[in-house]
Amino acid sequence: MPLHDQPAIFDMADAKPVISLDRVTVRFGDQVAVNDLTFSVAGEEVVALLGQTGAGKSTVLNLILGQIKATAGAVIVDGCDPYADYYALRGKVAVSFQTDRLLPWRTARENVELGLEILGRPKNSRSRVAAEWLNRLKLTEAHHDKYPHQLSGGMRQRVSLARALVVDPDLILLDESFSQLDHVTSKALRTDFLSLVKGLRKTCVLVTHRIDDALEMADRIIILAVPGEIKLELTLSGAARNDPAWISAATKQISAVMTAHSGEGAPESADAV
Amino acid sequence: MTGADVGPDASGSSPGRKLSQFLPRETVAGIIAIAALALAWHLASIYGPSYAFPTWGRIARALINIPLQDVGISIARLAVSMLLSFVIGMIFSTLVFERPFVEALLLPLVRLLMAVPAVCWVIFAILWFKGVEFRIFFVMSIVCTPVFIIDSLDAMKGVPLDLRQMVRSFRPDAVRYYTKLIFPSILPYVLTSWKINLTLAVRVVTIAELVGAVSGIGHGLVIAQEMFSIAEVFAWTVVLVLILLALQGLVNVIERRTLHWRTA
Ligand SMILES: Nc1ncnc2c1ncn2[C@@H]1O[C@H](COP(=O)(O)OP(=O)(O)O)[C@@H](O)[C@H]1O
Ligand SMILES: [Mg+2]
């Protein structure tokens, strides 16, 4: 699988969205986790869902994954309902979580092979393909046959990302995948992951509560606040990303919006930068 | 999943080790205790009444004369009925797991079965069935299956939700969901369950054979008792203990083989 270096090109105007949520509400009992949420994600776009704990970010990912059903509204992923057409999205969506969720009885390489086995990919190439992806995620060969408990947190997260990418999904979802790592490890992993995703022109939705993660990785940032409502949306151009003044202004504005909507803060509408 | 390199600190043999490294303290203590008991028995056989305490010589002779065929028959009954109980138990747990309504319906019945003493099942079996072999089989299965069900179902429920969610994100069919996640996860608990169930099953097969069987260890015990041969009763007892220890040792070996990743 060759990696391309040119930046992803997407045209939101005429491309059919890969993900679209249309007036989606999710309730758990009396609690509203997501309220009347509408947004879409275009192919090859990297979108960050940014918000504090309890904002409904994971619930949105679970909707996209088809693990839960919307109480109201429509969720469409790659032209199907991810909950109702469960098997239609087989192999098209992959996810990585805050914790590595590796199977402790499998080596790093065997963990990466998991998705290939479940999807029934050719037996004789699984091990080689898994090793290739571990290499791409910069886990050295010496660690491929180690068990999770023998690896560091950063290494385990690399294995977890390799396990998601190896099935060659169109859409990759990350739920706080870099949040539990220290800053240096997290930064290195973010950079490696992003260059793979951009090189392979994958669509990616990443959930995070860290503003710097979102600003660094996303083409577009959607700021969510309790109960799963969009408070602010930002689009980042390449130029903006490299402009420290723009970044610091954006950081200020985002943190102001997040603070205003934490706890029982009064709702307030903010416009894009 | 064998042959993984264990790494540099899996120490091989090093020269100049003390005896205590070959024989752990606990093992030595155990040997001393058993030797003391054997000696006490020896003294009792000399000074006590011979009908109560046969000499080691008589016990050894009785052991040599134990019909191996009976031992084999009992082990076969044990193995076949336990394997069948295990398979039935796993199928049941698999069907009930993650189906709360089915579980609520069936699990109380399983717990009820489990509360019935094994001896009652033996008597029921005699009243209900004619065939000796079937009686033994019935008693063994009805005693062992519920234990396998309860243990495996508990273990399945213990599989972390985040792992279930992770595996489900690949949208597996039911077969792969179980073979890739649930079964490997519960393996340690299943092996423990086997060890506990073996203890139970060795007793039950003997009790079941005591009544009406014309072969097997239980039958041998009945004959020995009818002939007031304490040496033979003792010899059969030794055989039963050895069978249990050997089978548990077998499970331990399987445990070490399959769970080697834990110590890697
Ligand atoms: N399975 C569930 N059952 C009940 N409440 C839930 C469930 N999942 C999430 N919630 C609630 O929904 C709200 C949003 O949760 P979540 O989407 O996990 O937020 P985030 O990922 O942004 O921290 C929280 O208040 C949470 O308690
Ligand atoms: Mg979350």
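Exactly one residue out of B:Glu226, B:Glu209 is in contact (Cβ under 8 Å) with a residue 24 or more places away in the chain and either touching a His at 6+ places or on another chain (Cβ under 8 Å) or away from chain A (no Cβ under 14 Å) (or both), and it is B:Glu209.
Of the residues B:Leu242, B:Leu210, B:Leu259, only one is open to solvent by 40 Å² or more (accessible area, probe 1.4 Å) and either farther than 15 Å from B:Ile73 by Cα or among the acidic types (Asp, Glu) (or both); which? Spell out the reasoning first.
Details: B:Leu210 fails: either farther than 15 Å from B:Ile73 by Cα or among the acidic types (Asp, Glu) (or both); B:Leu259 fails: open to solvent by 40 Å² or more (accessible area, probe 1.4 Å).
Exactly one residue qualifies, and that residue is B:Leu242.
From the list A:Leu161, A:Leu200, A:Leu165, A:Leu171, the one residue that fits, being open to solvent by 20 Å² or more (accessible area, probe 1.4 Å), hydrophobic (A, V, I, L, M, F, W, C) and in contact (Cβ under 8 Å) with a residue 60 or more places away in the chain, is A:Leu200.
The sole residue among B:Leu198, B:Leu259, B:Leu187, B:Leu247 that is within 30 Å of A:Tyr86 (Cβ to Cβ) and touching a residue at least 40 places away in the same chain (Cβ under 8 Å) is B:Leu187. Here A:Tyr86 fulfils each of the conditions (1) at negative phi; (2) more than 7 Å from chain B (Cβ to nearest Cβ) apart from (2). Do the conditions hold for A:Ser195, that is, is it within 16 Å of ligand 2 (Cβ to nearest atom) and open to solvent by 10 Å² or more (accessible area, probe 1.4 Å)? Answer is no for this residue. Return a yes/no flag: does region A:91-100 have any residue that is without any contact (Cβ under 8 Å) to a residue 60 or more places away in the chain, under 20 Å from A:Phe193 (Cα atoms) and open to solvent by 30 Å² or more (accessible area, probe 1.4 Å). No, there is no match, as no residue in region A:91-100 is without any contact (Cβ under 8 Å) to a residue 60 or more places away in the chain, under 20 Å from A:Phe193 (Cα atoms) and open to solvent by 30 Å² or more (accessible area, probe 1.4 Å). Here the condition is being within 15 Å of the chain's Cα centre (by Cα), more than 12 Å from every other protein chain (Cβ to nearest Cβ) and not polar (S, T, N, Q); of A:Gly73, A:Gly56, it holds for A:Gly56 alone.
Output the residues belonging to region A:44-55 that are surrounded by 24 or more Cβ atoms within 10 Å (Cβ to Cβ) and near ligand 1 (Cβ under 10 Å from one of its atoms). Selection gives A:Leu49, A:Leu50, A:Gly51, A:Ala55. For region A:130-142, a tally of residues being in a helix (DSSP H, G or I) and either surrounded by fewer than 18 Cβ atoms within 10 Å (Cβ to Cβ) or not assigned by TED's automatic domain parsing to the domain that holds A:Glu113 (or both) returns 4. Among the residues in region A:67-75, are any part of a loop (DSSP other than H, G, I, E, B), modelled with pLDDT under 90 and surrounded by fewer than 17 Cβ atoms within 10 Å (Cβ to Cβ)? Checking region A:67-75: not a single residue is part of a loop (DSSP other than H, G, I, E, B), modelled with pLDDT under 90 and surrounded by fewer than 17 Cβ atoms within 10 Å (Cβ to Cβ). Quick check, is B:Cys144 part of a helix (DSSP H, G or I), in contact (Cβ under 8 Å) with a residue 60 or more places away in the chain and assigned by TED's automatic domain parsing to the domain that holds B:Ala201? For B:Cys144, the condition - part of a helix (DSSP H, G or I), in contact (Cβ under 8 Å) with a residue 60 or more places away in the chain and assigned by TED's automatic domain parsing to the domain that holds B:Ala201 - is met. Residues in region A:118-129 that are assigned to a helix (DSSP H, G or I) and open to solvent by less than 60 Å² (accessible area, probe 1.4 Å) were compared, and the one that is farthest from the other protein chains (Cβ to nearest Cβ) is A:Ser125. Taken across region A:81-88, residues that are in a strand (DSSP E or B) and more than 14 Å from ligand 1 (Cβ to nearest atom) do not occur at all.
Of note, A:Asp145 does not satisfy the criterion of being assigned to a loop (DSSP other than H, G, I, E, B) and in contact with a Leu (Cβ under 9 Å, 6 or more places away or on another chain). Can you name the residue in region A:56-65 that is in contact (Cβ under 8 Å) with a residue 24 or more places away in the chain and not β-branched (Val, Ile, Thr) and is also farthest from ligand 1 (Cβ to nearest atom) among such residues? Selected residue: A:Leu65.
The values are calculated or read from the model by the stated rules, or taken from the named source; none is laboratory data. Model, not experiment: these values are computed from the prediction. A quick note on method: Cβ atoms are made from the backbone with ideal geometry, for glycine too, and the neighbour counts reach across all protein chains shown. Each accessible area value is taken on the protein alone, full model and side chains, heavy atoms only, with ligands, DNA and RNA left out. Shrake-Rupley method; radii C 1.70, N 1.55, O 1.52, S 1.80 Å.
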